[in-house]
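Undergrad: Okay, handing you the structure first.
Nothing in this text is a laboratory measurement; each read-out follows from the coordinates by a stated rule. From a predicted model like this one, the values you see are computed outputs, not experimental measurements. Positions of Cβ are backbone-derived with ideal geometry, glycine not excepted, and every protein chain shown enters the neighbour counts.
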Amino acid sequence: MKLWIPFAISAGSLLTIASFVGAGWDAPPVETTQIGHRGSGMYIHRDVEKQEALKAANVVPPAPWQADPAGDKARDLYENVQILGDLSDDQFNQFMASITEWVAPEAGCNYCHNPENLASDEVYQKVVARRMIQMTQAINVDWKSHVGQVGATCYTCHRGQGIPTNYWFEDLEPKPAGNMTQNREGQNVAARFGGNASLPQNVLKDYLLDAKPIRVHATTALPTGTSQAGTKETEATWSLMMHMSESLGVNCTTCHNSRAFNDWDQSPPQRVTAWHGIRMARDINANYMVGLTSVFPEHRKGPEGDVFKVGCATCHAGVQKPLYGVSMLQDYVDSLAKKGPTAVPDFTKYQPGTTQKMEPLQQSSTLQKLPNQQASILELPADTSQGKN
């Protein structure tokens, strides 16, 4: 008998035991909720140890005061009020106080304004904030198919920070060393926006900015010639699903039937909500975030020069319903639950530090209009191997 064999077995056993009881290893208690028939595998699992921290991070701040809708309009009292001019003076000041706490509680008003000239647009954050208000209004009016009556406010994403914690950008790091590693197809590294798995690392660009087909799951055991998708496309889909799962703190059966992942008729209703959410994220990124590229300074962009963009985690932050489904809109109906002017300035003319006011364009036809952007549930595609999710 070779003497090294028992030693190798002993060493392997010790390493296995150490991996379970050693420092830094954690097997958290899991809370399981049954959402389907017994024995069907329809369960939602949650890490119990994370729940208290998530609850603390999803507390809804109260409005500073209840605003009076009567009185003079903001556009008649203040200069350069391009979006919120229909608010009363009290509503306008209430919203300004709220957005300060939502986005820049430490910096205060000066985060967006020149204190010597509040009407000026020379601080780029003010230009961005105006466009983000338009975006939030559009979410609450145009995307009820995803946000329902709960809606969204600036706080949904920002949570007291100028830059939301969860965003994404094109990530090509680490760059290939060359030779045989020159082209790794965006794989074989820990994908920070794909659950840190060794899956394609830039799929959010394909699915949450562009409209690349997501549902590549075949419905037959053998190739039929109708589907050209292969392992590469499947792994990209997995990467997106990892992002969505971690963003919402849920597992696959929240949206999918454990026995028929592809079948819409057997899927939980949350899958339809997620379908609209994917399209909402595309709309936000294509029609709001990318258009601000010339306004954002370089340190507010990714390493490849693209602006920070919205993903599922931006709003959800680890819970299935942002802020556990508590709505803040009742205090901001006129400011965020209705659409103000929708004209878009020519952001290419923005000059940091000197621009005083950017005149809105007459129309926003230059924006990218994604297909099926306002699609209803009735327009969900049939289950085909190449259907778009």
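Undergrad: Between Ser120 and residues 5 or more places away or on another chain, which pairs have amide H atoms under 5 Å apart, with H built 1.01 Å from N, and which residues are they?
TA: Close amide H contacts, sequence-distant or interchain: Asn114.
Undergrad: Whole-Hz Karplus ³J(HN,Hα) for the stretch 222-237, in order, using 6.51 cos²θ - 1.76 cosθ + 1.60 and θ = phi - 60°, x for Gly and Pro?
TA: The phi angles translate into 10, x, 10, x, 8, 10, 9, 6, x, 4, 4, 5, 5, 5, 5, 4 Hz.
Undergrad: For the stretch 254-260, what does the Karplus curve 6.51 cos²θ - 1.76 cosθ + 1.60, with θ = phi - 60°, yield as ³J(HN,Hα) per residue in whole Hz, taken in order and with x for Gly and Pro?
TA: Along the stretch 254-260, the couplings run 5, 10, 10, 7, 4, 9, 7 Hz.
Undergrad: Oh, and also: Cut-off under 30 Å on the C-alpha distance; same-chain residues fewer than 8 positions from Lys175 excluded. Which lysines are left, in chain and number order?
TA: Cross-link targets: Lys205, Lys212, Lys232, Lys301, Lys309.
Undergrad: Next question. Subtracting the Cα-Cα distance from 0.36 nm times the residue separation, let me have the gained length for Ala63 to Thr33 in nm, one decimal.
TA: On the way: separation 30, 0.36 × 30 = 10.80 nm, distance 3.42 nm.
Stretched out fully, the Ala63 to Thr33 stretch lengthens by 7.4 nm.
Undergrad: What number comes out for the charge environment of Cys154, summing +1 per Lys or Arg and -1 per Asp or Glu over other residues with Cβ under 13 Å away?
TA: Numbers: positive: Arg130, Arg131, Arg159; negative: Glu101, Asp331.
Summing Lys/Arg as +1 and Asp/Glu as -1 gives +1.
Undergrad: Right, something else. If the reach is capped at under 30 angstrom between alpha carbons, list the lysines near Lys73, excluding any in the same chain fewer than eight residues apart.
TA: Lys126, Lys144, Lys338, Lys339, Lys349, Lys357
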